[in-house]
1. Of Ala204, Ala28, Ala184, which is the most mobile in a GNM of the chain whose springs link Cα atoms less than 10 angstrom apart?
2. If amide hydrogens are placed 1.01 Å from N in the peptide plane, which non-local residues have theirs closer than 5 Å to the one on Ile96?
3. Kindly put Arg192, Arg11 in sequence by how many other C-beta atoms sit within 10 Å of each C-beta, fewest to most.
4. Of Tyr228, Tyr136, how do they rank once you tally other Cβ atoms within 10 Å and put the fewest first?
5. Around His139, with a cut-off of 12 angstrom between Cβ atoms, what is the net charge of the other residues, counting Lys and Arg +1 and Asp and Glu -1?
6. Of the candidates Phe111, Phe244, Phe220, which one comes out as most mobile in a Gaussian network treatment of the chain with C-alpha springs shorter than 10 Å?
7. Quick check: the distance between the Cα centres of the stretch 50-124 and the stretch 225-257, to the nearest angstrom?
8. Sort Ser235, Ser25 so that the residue with the fewest other Cβ atoms within 10 Å of its own Cβ comes first and the one with the most comes last.
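Values in this text are rule-based calculations from the coordinates and carry no lab data. Keep in mind the model is a prediction, meaning the values are calculated, not measured. Quick reminder, even Gly has a Cβ in these numbers, built from the backbone with ideal geometry, and neighbours come from all protein chains shown.
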Amino acid sequence: MRNSRVLKKLRAGEVASCLKINLDSSRAAEMAAMAGVDCLWLCMEHVPNDLSLIERQILAAKAHNADSLVRVSRGGYSDYIRPFELDATGIMVPHIMSLQDAKNVVRMTKFHPIGRRPIDGGNTDGEFCALGMVEYMEHSNKEKFVMVQIEDPEPLDELDEIAALEGIDMLFFGPADFSQGIGAPGQWDDPRIADVRKRVAQAAKRHGKFAGTTGSPDTFMQLVDLGYQFIPIGSDVRPLSQHFNEAVKKFNNTIKQ
C-alpha cells in the first residue's frame with residue numbers, strides 16, 4: 001500500500017507542490033511526475049478524459065512516487081469512487097453548495113466509521129483482493145484524501161460546518177467561478193474574493209483541515225502566509241500554448257525581414 005506524499009507533507013506543516021495536467025496524455029503526466037512534483041492534478045470535470053486515460057496517468061504518477069488528484073464530475077457515487085479504485089490518492093469534488101452536499105460526499109467517499117463508501121477491494125487500491133477488508137478500509141480513510149471546492153457564494157453561511165466535517169480533508173478555494181458567482185467575473189481585485197480566500201484558509205485551520213487554492217509565482221508566498229499548503233504551481237497547456245505562439249510569431253517576423 002502506498003501512503004500519500006501530499007498528506008505526509010501537509011501533516012508536517014509543509015507546502016505540497018502540484019501540477020495540473022489537461023492534455024489527454026500519460027506522457028505529459030509522466031514528464032510532470034519526473035520533474036519531482038508532489039502531486040498531479042487530473043481532471044474529469046472540464047476535460048473530456050475517460051477512466052482509461054486517468055488510469056494511465058495515475059500509473060505514470062505512481063511510477064515516480066507522485067500523488068494523483070482527480071477532479072471528478074458531479075454525479076453518483078461511482079463517479080467519485082472509481083478514481084480511488086484506480087489508486088488515485090485524492091479526489092476533488094467541485095461546486096460544494098451546502099453542508100448537506102458535503103455530507104453526501106463524505107458518505108459516498110469514506111469507509112466506516114466515517115462514511116458508507118461501497119466496498120470492493122478487487123481493484124488496484126485494494127491490491128486486487130490481496131488486502132484484508134478492514135486493513136483496506138483503514139488505509140483508504142487515512143491515506144486517501146477528499147478535497148471539496150468552495151467556489152460559489154452559496155455555501156459560505158455553512159463554511160465552518162463544512163470544514164468541521166470528519167471526512168473532508170481539504171477545502172479548495174476556486175476564485176474564477178467565485179468571481180462569476182458574485183457577478184464580478186475576472187475582477188480579481190474585488191475585495192469579496194480576497195475576503196473569502198482568507199475565510200476559507202481560516203476555516204480549514206480552525207477545524208484541523210488543509211487549505212488549497214490556485215495562485216501564481218507572484219502570489220505564492222502571500223497564499224502560504226494566509227495558511228494555504230496546497231497551491232498548484234503550473235500546468236501543461238499554458239507553457240505549451242505560449243511556446244507555439246512564440247515560435248510562430250518568431251517565424252513570421254523572420255520571414256518578413
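1. Ala184
2. Answer set, sorted by chain and number: Gln149, Glu151.
3. Numbers: Arg192 15, Arg11 11.
Exposure proxy ranking, most exposed first: Arg11, Arg192.
4. Numbers: Tyr228 25, Tyr136 20.
Fewest-to-most ranking of Tyr228, Tyr136: Tyr136, Tyr228.
5. With Lys, Arg at +1 and Asp, Glu at -1, the net is -3.
6. The residue with the greatest mean-square fluctuation here is Phe244.
7. First find each Cα centre; the distance between them is then 31 Å.
8. Values: Ser235 18, Ser25 15.
In increasing order of surrounding Cβ atoms, one gets Ser25, Ser235.
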